[in-house]
């Protein structure tokens, strides 16, 4: 996808709700990532888009649903906390 200078992997790398879901969400925070080529999607990723947004924009948009799933919100907050970008 691109060149990444720093990868942050939170202590809690995956989140799931075993009572009603079998999927897992893995969160990795890539700092200073830059797109150097168009994504080459695998068969199961057809239709997926990649969006790079500033952390401030994501945090500002949480209340208005920029990330619609609570597992996504949790993953982002845990990753930012593990990277020292926010305090929980």
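Taken together, the values in this text are just the output of simple stated rules run on the coordinates, not laboratory data. Note that the structure is a prediction, hence the values are computed from the model and not measured. Note: ideal-geometry Cβ built from the backbone for every residue, glycine included; neighbour counts use all protein chains shown.
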Could you work out how much longer the chain between residue 38 and residue 59 gets when fully extended? Use 0.36 nm per residue separation minus the Cα distance between them, nm to one decimal. 4.9 nm
With viscosity set to 1.567 mPa s at 4 °C, what whole-number translational diffusion coefficient in µm²/s follows for region 21-88 from Stokes-Einstein and a Kirkwood radius over Cα pairs? 93 µm²/s
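For the residues 70, 64, what sequence is obtained by ranking on other C-beta atoms within 10 Å, fewest first?
Numbers: 70 11, 64 6.
Going from least to most buried by this count: 64, 70.
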Mind sorting 26, 43 by how few other Cβ atoms lie within 10 Å of their own Cβ, fewest first? 43, 26
Per-residue Cβ contact counts at 10 Å, fewest first, order 77, 67 as 67, 77
Region 27-41 versus region 56-88: alpha-carbon centroid distance in Å: 18 Å
